[in-house]
Structure formats: structure tokens, C-alpha cells
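Report on the following structure.
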Amino acid sequence: MPRRARMYVAGLPYHLVQRGNNREACFIEPENYQFYLELWREVSRRYGLAVHAYCLMTNHVHFLVTPMRNDAVSNTMKVVGSRYAQYVNLRYKRTGTLWEGRHRASLVQTECYLLCCYRYIELNPVRAGMVARPDEYRWSSYGCNAWGDAGWLRPHEEYTRLGGTADARCYAYRELFKHQLSEADLHLIRKAAHYCQPVGDDRFRQRLERRYGVVPGQMSRGRPRKAGGE
């Protein structure tokens, strides 16, 4: 059966996740992380993909992005994934696939969940017990977003609303990390990523279908329940 075509809408933010094959490590030494991020910097600019946040874990990656063109996500993920896999195979004299199938992508409801996704992504190493605070982890965008050295990242409008100056935005952003994400938000973001479904409420999902023709589908396996049924 052919794979269902991916549909991305320019101007809307997405949470992207890609995992290593069999959950094996994609990054072995610091040079790997650096090379991968350089690929992202180069390729995302080429294809018009604004990157707002990221976190490179040992065996998977998270990105929060907004495509400027409908094909920006697909092109960036394809080129970065292919070039990085070639680099790893050559460097470590290995063969075979590096990534576990295609990446997963979830549309994000801006006004309700975008800043939650920033925090979800940059708190990954803390939840994994790798560090005590997000600023202790080298391979995430927390330092850029919390202290103002954005570099090649492009802040989302929702981030810029945190304050009237760069210092005010950074301070407000750091304050957000004093509060834990709720279990409900964690569950929603994880489930949406697993099933490639939107991170948003029912009204957001209905709006996507009416305005863009994006049919969100269901957030679980199996047949959807009938109205009023078990």
C-alpha cells in the first residue's frame, strides 16, 4: 500500500520528531551534533523553513518550525536526513538505514500550545534525567531562546509577544521554565507526535479541516467510535 502523502501548510507551525532506527544512537560524539546542526542551518535556509526551537537527544531529535513554502518541511527533512546518514555511515564505517522511517509532524495551535511546545522540546533532557536544568544541556535551543543569542534561529511571533525588548522576552521565557508542563499538555503533545495529529483543541482541528482541507483523523488506533456508541 502506498504511503499517504504528507500535506504541510505554509505559515503554520509544526512539531517534528525523528528517531533513530531501532531507537539506536544517532549521535555518538560532539562533532556529530555540530555537523547535524550545521546541516539544519544551511538546508532550512535554502528551502525556507523557519526554525524556532530544537533538541538533539542521543537517539532522536525534536524541532519546532514554520515552513514558508508548502514543501519546505519535506525537502529539509529529506536532504538533512540523507546527508547526515551518509556522514555517519562513512565516518563510522557502517551500512544500512540510520533513521526509523519517516519523521513525524504535528501542527501546533499557536495561541494555546506553541510556547508549550517550546518548553516540551527544550525540557526533554531534564525529563530524561540527563541534566537538572535545561541550560545545562548543550544540544538544544534553550540557550538561544532564554538568553538572546538566537543565531540562525527565527523566533516565532508568539515568542516575540513575551516582551517589548530582547531582554524582556528572554526574562519572560526563562520564567516560563519555572513551571512544570501539566500532565495533560505532556500527554497531548506526545500523543499528537505519535499519531501525527495536531496539538490543539477540537475547534482548532475543525478550523484546519474547513480552511485548509486538513483532515486530522483520530488520536488512537482502530476504527473511530460511532456517535453515542461504545
Original post:
Within the stretch 102-124, is even one residue under 30 Å from Glu175 (Cβ atoms) and among the acidic types (Asp, Glu)?
Top reply: yes
Original post:
Taking the stretch 92-134 as the search range and keeping residues that are within 21 Å of Asn22 (Cβ to Cβ) and touching a Leu at 6+ places or on another chain (Cβ under 9 Å), which one is surrounded by the fewest Cβ atoms within 10 Å (Cβ to Cβ)?
Top reply: Arg104
Subject >> Yes/no for Arg223 being at pLDDT 85 or above and either in a loop (DSSP other than H, G, I, E, B) or of a type outside the set (A, V, I, L, M) (or both) >> reply: no
**OP:** Report the residue count in the stretch 129-154 for those that are of a type in the set (A, V, I, L, M) and within 20 Å of Lys178 (Cα to Cα).
**Re:** 4
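This table checks each residue for (1) outside any helix (DSSP H, G or I); (2) open to solvent by 40 Å² or more (accessible area, probe 1.4 Å).
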site: Cys144; (1), (2): no, no
site: Leu153; (1), (2): yes, no
site: Glu158; (1), (2): no, no
site: Gly163; (1), (2): yes, no
site: Asp167; (1), (2): no, yes
site: Tyr171; (1), (2): no, yes
site: Glu175; (1), (2): no, yes
site: Leu181; (1), (2): yes, no
Subject >> Ala25 being in contact with a Pro (Cβ under 7 Å, 6 or more places away or on another chain) and open to solvent by 10 Å² or more (accessible area, probe 1.4 Å) >> reply: no
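The values are calculated or read from the model by the stated rules, or taken from the named source; none is laboratory data. The model shown is predicted, which means the values in this text are computed figures rather than measured ones. Reconstructed Cβ throughout: ideal geometry from the backbone, glycine too, with neighbour counts over all protein chains shown. Remember, those area values only see protein heavy atoms, side chains included, never the ligands or the DNA or RNA. Shrake-Rupley method; radii C 1.70, N 1.55, O 1.52, S 1.80 Å.
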